[in-house]
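Peer 1: I am attaching a structure below and will ask some questions about it afterwards.
The values are calculated or read from the model by the stated rules, or taken from the named source; none is laboratory data. The shown structure was predicted, so the numbers you read here are calculated from the model rather than taken from an experiment. Glycine also receives a Cβ, built like all others from the backbone with ideal geometry; neighbour counts cover every protein chain displayed.
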């Protein structure tokens, strides 16, 4: 199994994340222009590192998928908010018939998922369900078969990538499974939803992105 880790300045968190990789899981760090030595740390710990000059979460994930070569590919954040040791539970869901397994985040503390960020996620997930996507979280931990992922017509290379992925998967008739995973307080400050204003802007932008997808 390969694990794509989109990364932008996560030098503080990466050692813990890479040390938590399950046996047989290879880390593919998609470095999106880090200036804190993240790429060097990843290489020193044996990860495959892909330099991704095009900024954006979707660009990093796509580059990681193209660099991976395993049949099943997982995606996980590199900020230590999610534990790679829980990825086998998602992979098991694929063996049980799911096309896409998503980690449904369960916060381990009140500080792990601030109320404003949790509410924003719930609002976007509800709007996805109205579009026929049976999810309660748009969390960043997921597993699917690489070839099937690459066949989905996903064009967004920025923050809207997770939304488009879920919508395209539902349109393709994929069976989507949600698996509870622990959600820890991230190392460092969120680049997207670190403040109530940031969350409000993200919800606004994601809603607009969702409305534009057909």
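Peer 1: For segment 1-72, which fully contained helices (runs of 4 or more DSSP H) count at least 2 residues that are in contact (Cβ under 8 Å) with a residue 40 or more places away in the chain and either surrounded by fewer than 19 Cβ atoms within 10 Å (Cβ to Cβ) or touching a strand residue (DSSP E or B) at 6+ places or on another chain (Cβ under 9 Å) (or both)?
Peer 2: 14-19, 57-67
Peer 1: Further question on the same structure: For segment 123-141, give me each residue that is outside any helix (DSSP H, G or I), surrounded by fewer than 16 Cβ atoms within 10 Å (Cβ to Cβ) and in contact (Cβ under 8 Å) with a residue 60 or more places away in the chain.
Peer 2: The answer is 131, and nothing else.
Peer 1: What pairs come out if I take residues in segment 142-153 that are under 14 Å from residue 66 (Cβ atoms) and pair them with residues that are in a strand (DSSP E or B) whose C-beta lies under 6 Å away, six or more apart or interchain?
Peer 2: Note: pairs meeting the criteria are 146/73.
Peer 1: Now a separate question. Can you go through 160, 188, 120 and tell me which one is over 17 Å from residue 75 (Cβ atoms), at pLDDT below 90 and crowded, with 19+ Cβ neighbours inside 10 Å?
Peer 2: 120
Peer 1: Going by what's in this entry, would residue 153 be described as surrounded by 17 or more Cβ atoms within 10 Å (Cβ to Cβ) and either in a loop (DSSP other than H, G, I, E, B) or in contact with a helix residue (DSSP H, G or I) (Cβ under 6 Å, 6 or more places away or on another chain) (or both)?
Peer 2: no
Peer 1: Conditions first: (1) over 16 Å from residue 2 (Cβ atoms); (2) crowded, with 20+ Cβ neighbours inside 10 Å. Residue 90 passes all but one, so which condition is the exception?
Peer 2: Of the numbered conditions (1) over 16 Å from residue 2 (Cβ atoms); (2) crowded, with 20+ Cβ neighbours inside 10 Å, the odd one out for residue 90 is (1).
Peer 1: Inspect all residues belonging to segment 84-101 and state whether any of them is assigned to a helix (DSSP H, G or I), without any contact (Cβ under 8 Å) to a residue 12 or more places away in the chain and either out of contact with any strand residue (DSSP E or B) (no Cβ under 6 Å at 6 or more places or on another chain) or under 23 Å from residue 157 (Cα atoms) (or both).
Peer 2: Taking every residue of segment 84-101 in turn, at least one turns out to be assigned to a helix (DSSP H, G or I), without any contact (Cβ under 8 Å) to a residue 12 or more places away in the chain and either out of contact with any strand residue (DSSP E or B) (no Cβ under 6 Å at 6 or more places or on another chain) or under 23 Å from residue 157 (Cα atoms) (or both).
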